[in-house]
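Derivation of every value follows stated rules applied to the coordinates shown; laboratory data play no part. Keep in mind it's a predicted model, so treat the numbers as computed, not measured. Neighbour counts run over all protein chains shown; Cβ positions are idealised from the backbone, glycine included.
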Amino acid sequence: MTAKEKLRQTVEELSEAEAQDALGFIVRRQGKRDALAELLERAPLDDEPTTPEEDEGAREAKKEIVRGDVLSADEIRRELA
């Protein structure tokens with residue numbers, strides 16, 4: 001297995017938060033800053049209470065993830081193209 005293949009496999013196993021951290025590291029190493037990433041890093045935490053409807057939506061989304069009923073970013077891009 002090549003280094004790139006190992007990297008791809010490792011990335012697929014990361015949580016979203018871990019992937020975000022890794023991407024931030026890579027971007028900083030390249031000396032480039034992503035405007036959206038900078039904006040999100042500076043955004044205040046959302047500390048407002050959620051509604052019961054929002055809580056239910058989050059529970060349903062988590063169930064969909066467990067079932068594997070999700071689309072990858074590449075699949076979404078292909079659908080929108």
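Given the choices (1) 1.31; (2) 1.06; (3) 1.41, Cα Rg over 2.2 N^0.38 Å derived from the coordinates of this structure is entry (3). Each label was represented as a point 7 Å from its Cα along the Cα-to-Cβ direction; for D74 and E5 these points are 1.5 nm apart.
Quick check for me: using +1 on Lys/Arg Cβ and -1 on Asp/Glu Cβ, what's the dipole size of the chain about its Cα centre, in debye to the nearest 20?
Numbers: 14 positive and 22 negative charges, 166 e Å.
Roughly 800 debye, rounded to the nearest 20.
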